[in-house]
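First the structure, in the form of structure tokens, and then the observations on it.
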Amino acid sequence: MSTTDNGPAVEIPDEPVTDEARVVTVVSPKAAIVLGLLTLGLGLAVLLGSQSGDTTYRLASRDDLFELPEVTVPVTGTAIAALVVMALCTAEALRRYLGRLRLPMWLPIVFAVVAMTGFLTWAAAGGTVPLVGLLSGSVALAVPLVFGALGGVLGERAGVVNIAIDGQLLAGAFAAALTASIVGSTWAGMLGAMVAGALVAVILGVFAISYYVDQVIVGVVLNVLVIGVTSFMFSQVLAPNAESLNSPPRLSAITIPVLGDIPVVGAILFRQTVIVYLLYVAVAVVTWALYKTRWGLRVRAVGEHPKAADTVGINVVATRYKTILLAGAIAGLGGAFYTLVSVQGFNREMTGGAGYIALAAVIFGKWDPIRATLAALLFGFASNLQGVLSVIGSPVPSQFMLMLPYVVTVFAVAGLVGRSRGPAAVGLPYRKS
Amino acid sequence: MSDERPDLAKASTGPADDDGSAEPQATPPVDVDEVRRPESPPWHLVVRSITSGNAVVAVLSVVLALIVGSLMIMFTDESVRDSASYITARPQDFFSASWDAISGAYTALFRGSIYNNLSPTSEGRIRPLTETLKFSGPLIMAGLGVGLAFRAGLFNIGGRGQMLLGGAAAGWVALNVDVSGPLLLVLSVLAGMLGAGLWAGIAGLLKARTGAHEVIVTIMLNYVGFYLVFYALSKQGILQQPGSVNPKSLPMPEDAVLPRLLGDQFSLHLGFVLALVAVAVVWWVLNRSALGYRFRAVGENPHAARTAGIDVGRMYVVVMLMAGGLVGLAASNQVLGTVPDGVTTGLDAGIGFDAITVALLGRSHPLGILGAGLLFGAFKAGGFSMQAAEGIPVDIVLVIQSLIVLFIAAPPLVRALFRLPAKEAM
């Protein structure tokens, strides 16, 4: 947290500091090291893996307005080109570190895209990569993660650590299946999911805000509690009466006119279900509200310095309750995606720990809704990538493909994100004295 | 906890070390406000409120959790629901059906975990207790691993990955090292601790060197570890049983299996004794050693600890190595004791995550973790027999366990629910 760590070098201007000149640039060799390691990794893979031939990228999907041609690239040439660009990026990162310059945001992004293309081309040699399928599948896998991450960001910005995201997703999935089956409407299911997510948030609030219990404890325990309750109810009630209680109607995809007809992008983003469109709205509204409205300022104030917020008349406890209720409802809606879109019907522990990945996305995204969304999309892409590659058949044993997203995350967190710093008062209950 | 504060005071007012290394100085130039912020961690307050005569709350928490569990059993029981439909006509049916459902469940839980009065033989009657101890062992060891990291301010969610790596390492040594006799067992257990310790150490090292958040890293390492062990188990020449296609290793050799404690009719093995030893060692490290003092100082306030001359980064690495080692002990317990018929990716059996709840219930104190591990072990042993005898899903145990942890952490809530007088000045 402090800049006195022996890790990053700190540049402090020699001349007397005026108000304008008080700019401290923190630079660190981490980025260059990590980029170098990744370049080396791909280089070794290309050298030892002996892949050759061509890789085809299919850009078109069904129902396109006009069909895009397939793009075929030679494996060796593309891999070498990618390696050269990656090496250049690494060199640039190194130069900036030596020159005490800040690393621009575009550098890791360019690196990531190029590295991904190079790797994909190499791994899928001789096959065809369905680009649209790959990307739209990524969006589908990322939807619950993004909802969960949004809920997490909101809660933590208000000073409440929300480890219970997984519980909220699971509760949402359960409630969506149950209510949608009983009422026979997907809208009821979505509403039920939001209520269930908010209910978990209420328990979190009662213990963490009103009774000052450590928020991490409450969160972890709530996850276990929700797993227990939903699995118990599933075996006792849902499974024996599956037709009446666990067969929700399926939410179908809606194509947005005009936008849905754009090649590639349209198929990926605008031929989705209502939940996904609600997701776009949620990300935009949460981001705008958090940074541009009076409400958002209050939420952030309560999370950074509750005492100061209280002093100027903001009701800290009420603000925290309201925010985590909203956050819980958002995360719960994400859970509905499991039972209304991905699979029809609830099954025990069906989130498979996605809430923890969403939590990772919150921290990875540095508590910012947009960045957390991007991080969640990255996780979705990575977990879809291994599925696609296992169909095409790649030279790497499937277990290594499966672990790739997680390894890359560790590298990214260690090398690019570094010391992530949350809201100052996160995790501390507020006691009015 | 009561012995902690004098301990802290003693150490910080003791004579300064001549070499001036990592020992805290006599009067650390630390802003008092920073060390003891008025609104700083509720942890101590919570801990103090439990240890200072809050046994009533602990008992009531268990009662409350059992009541909630009863309600869930009641409302999902078939005959209770049937009788509820004519409750106004014959309420006694409803109440007797409810009583049957609830008492049946808890009697089965008791018979499965403590004492089975229905068994004809005396071995059969005390077998449930030995089963409880068998299930407690790994929970205590892994719980210590999570708890120790907690005391240094690190949240180790990586129990699953550490269990897998430790189990695979222990299994590999047991199958491949050409030693016979008890030495093989010792080497295998040590390998399990080393494997898990190094895996956890990655998270500590990354936290120390780059500031990477240990929560993310340990979560990610769970997945990486799973696939790594999965690969090793499905590759001939590493761990996979020769000639097999299943991701499973050969059974452990006789010499590497933890010996049974009470003869062959009980499955309780030496692992439980190892758990007790681990409790004693961790207690000593935390409360009596300079290293434990540094762990706690870093956990209380890393800035103050750094100012006092403690190498915070090194402490992160060391504590994660030790925490992983403890989880690895639990993994060895599984691979070499409880399930010695071969390493699989299921060797974790949920212990890595249960350990978090155990550590939380035990307040990260070795003795508390011992108690929590015994309680959860009893639930685990009893839950299975409850499912078998009464057809009640074992998941109800998760509900009861998590409610106990929640209620014990919020004494004022429990007091309010039972209308007990609020506790006077703590």
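Data overview
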{"quantity": "For the range B:241-281, the spread of Cα positions along each principal axis, largest first, Å", "calculated": "43, 27, 16"}
{"quantity": "From the C-alpha gyration tensor of the range A:235-298, square roots of 5λ in Å", "calculated": "33, 24, 7"}
{"quantity": "Residue mean of other protein chain beta carbons inside 10 Å, B:226-235", "calculated": "4"}
{"quantity": "Helical segments meeting 24 Å axial Cα length and Kyte-Doolittle 1.0 threshold in chain A (DSSP H)", "calculated": "A:30-49, A:75-98, A:106-123, A:131-157, A:165-183, A:186-205, A:215-233, A:274-292, A:316-337, A:369-392"}
{"quantity": "Inter-probe distance in nm under a simple model that places probes 7 Å from Cα toward Cβ, at A:Lys307 and B:Ile67", "calculated": "3.8"}
{"quantity": "Alpha carbon Rg of the range A:132-393, scaled by the compact-globule rule 2.2 N^0.38 Å", "calculated": "1.00"}
{"quantity": "Distance from the range B:204-243 to the range A:82-113 (C-alpha centre basis), Å", "calculated": "28"}
{"quantity": "Relative intensity, log₁₀ I(q)/I(0), of the range B:154-374 from a Debye sum that treats every alpha carbon as a point, q = 0.15, 0.16 Å⁻¹", "calculated": "-0.97, -1.08"}
{"quantity": "Chain B, relative contact order [Cα under 8 Å, separation at least 6], %", "calculated": "28"}
{"quantity": "For residues of B:150-160, the mean tally of beta carbons on other chains within 10 Å", "calculated": "1"}
{"quantity": "The range A:154-233 and the range B:366-417: distance between their alpha carbon centers, rounded to Å", "calculated": "20"}
{"quantity": "Bridge type composition, the protein assembly as shown - antiparallel percent by DSSP, nearest 5", "calculated": "70"}
{"quantity": "Virtual spin-label span in nm between B:Asp255 and A:Thr128, 7 Å along Cα→Cβ", "calculated": "5.9"}
{"quantity": "Value of Rg/Rh across the protein assembly as shown [Cα atoms, Kirkwood radius]", "calculated": "0.96"}
{"quantity": "A:Ile392 versus A:Ser252: modelled label distance in nm, points set 7 Å from Cα along the beta carbon direction", "calculated": "3.3"}
{"quantity": "Nonlocal amide H pairs with A:Val129, under 5 Å, H built at 1.01 Å", "calculated": "A:Thr56, A:Tyr57, A:Arg58"}
{"quantity": "Placed amide H near B:Gln240: partners under 5 Å, 5+ positions off or other chain", "calculated": "B:Lys235"}
{"quantity": "Amide H within-cut-off set for A:Gln272, under 5 Å, with H built and near neighbours excluded", "calculated": "A:Ile254, A:Ile256"}
{"quantity": "Order of A:Val388, B:Val186 - criterion: other Cβ atoms within 10 Å of each residue's Cβ, fewest first", "calculated": "B:Val186, A:Val388"}
{"quantity": "Förster radius 41 Å - calculated FRET efficiency between B:Ser267 and A:Val317, Cβ distance, rounded to 0.05", "calculated": "0.20"}
{"quantity": "Descending semi-axes in Å of the range B:95-167, equivalent ellipsoid built from Cα gyration tensor", "calculated": "36, 18, 10"}
{"quantity": "Footprinting exposure proxy for B:Arg127, B:Arg314, A:Arg95 (fewest neighbouring C-beta atoms within 10 Å first)", "calculated": "A:Arg95, B:Arg314, B:Arg127"}
{"quantity": "Under the Debye formula (equal points on every Cα, no solvent term), log10 I(q)/I(0) of the range B:199-290 at q = 0.16 Å⁻¹", "calculated": "-1.04"}
{"quantity": "All Cα pairs of the range A:121-272, percent lying beyond 26 Å", "calculated": "44"}
{"quantity": "Calculated [θ] (222 nm, deg cm²/dmol) that DSSP helices of n ≥ 4 give over the protein assembly as shown, each run adding -39,500 (n - 2.57)", "calculated": "-21500 deg cm²/dmol"}
{"quantity": "Across B:Lys134/B:Lys235; A:Lys307/B:Lys207; A:Lys307/A:Lys366; A:Lys292/A:Lys322; A:Lys292/A:Lys366, pairs whose alpha-carbon gap is larger than 20 Å", "calculated": "B:Lys134/B:Lys235; A:Lys307/B:Lys207; A:Lys307/A:Lys366"}
{"quantity": "Cβ-based exposure ranking for B:Trp283, A:Trp187, A:Trp122, in which fewest neighbours within 10 Å come first", "calculated": "A:Trp187, B:Trp283, A:Trp122"}
{"quantity": "At 1.306 mPa s and 10 °C, Stokes D of the range B:182-253 from Kirkwood alpha-carbon radius, µm² per second", "calculated": "113"}
{"quantity": "Stretch gain in nm, segment A:Ala81-A:Ser185, where the contour uses 0.36 nm per residue and the Cα spacing is subtracted", "calculated": "32.2 nm"}
{"quantity": "For peptides B:328-338, B:258-268, A:75-85, sequence by mean Cβ density within 10 Å, most packed first", "calculated": "B:328-338, A:75-85, B:258-268"}
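Taken together, the values in this text are just the output of simple stated rules run on the coordinates, not laboratory data. Note that the structure is a prediction, hence the values are computed from the model and not measured. Neighbour counts run over all protein chains shown; Cβ positions are idealised from the backbone, glycine included.
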